[in-house]
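Beneath this line is the structure, given in structure tokens, with notes to follow.
The values are calculated or read from the model by the stated rules, or taken from the named source; none is laboratory data. Quick caveat, the model's predicted, so the values are computed rather than measured.
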Amino acid sequence: MAAIIWLIAGVVLAAAEALTGDFFLLMLAGGALATAGVSAVTDFPVWAGALVFGVVSLALVLGVRPILLRKFAKPPLLPTNAAALTGKSALVLEQVSAHEGQIKLAGEVWTARPLDETEVYAPGTTVTVMEIDGATAVVWRGP
């Protein structure tokens, strides 16, 4: 009977892990399942089952959980889409001024305006994208 209780506890803890995702409840589930196995093949008293649960769970939390956390850690966020274009170099195709201009950026033609609206960039100039404002690249020729 004790083995069935430990088995149910292990399944419930494993299912609860899906809500948290930090691998702690999964380690406790492993301890409960190991205790269910030991209880099924031996006739130890309840306190011995609790001791098995504690030792196995502690070993899993201290030994396996750090490895899993490192393996499944979220990678640093990389900029994507328009945010990834900031800082890239572009080639001016048509004169870039406060109200007009086109550049070639990452193989695509973009409308552009200068960061300093008093500046004008001639075709053939290499500029740096400072930001993306809607569908317009804000560029700067630099020092």
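Looking only at segment 1-35, count every residue that is in a loop (DSSP other than H, G, I, E, B) and aliphatic (A, V, I, L, M) and tell me the total. Residues in segment 1-35 being in a loop (DSSP other than H, G, I, E, B) and aliphatic (A, V, I, L, M): 1 in total.
Screening residue 51 on (1) within 34 Å of the chain's Cα centre (by Cα); (2) assigned by the TED database to the domain that holds residue 20 shows it passes everything except condition (1). When each of 72, 53 is tested for being among the aromatic types (Phe, Trp, Tyr) and modelled with pLDDT under 90, the lone residue that passes is 72.
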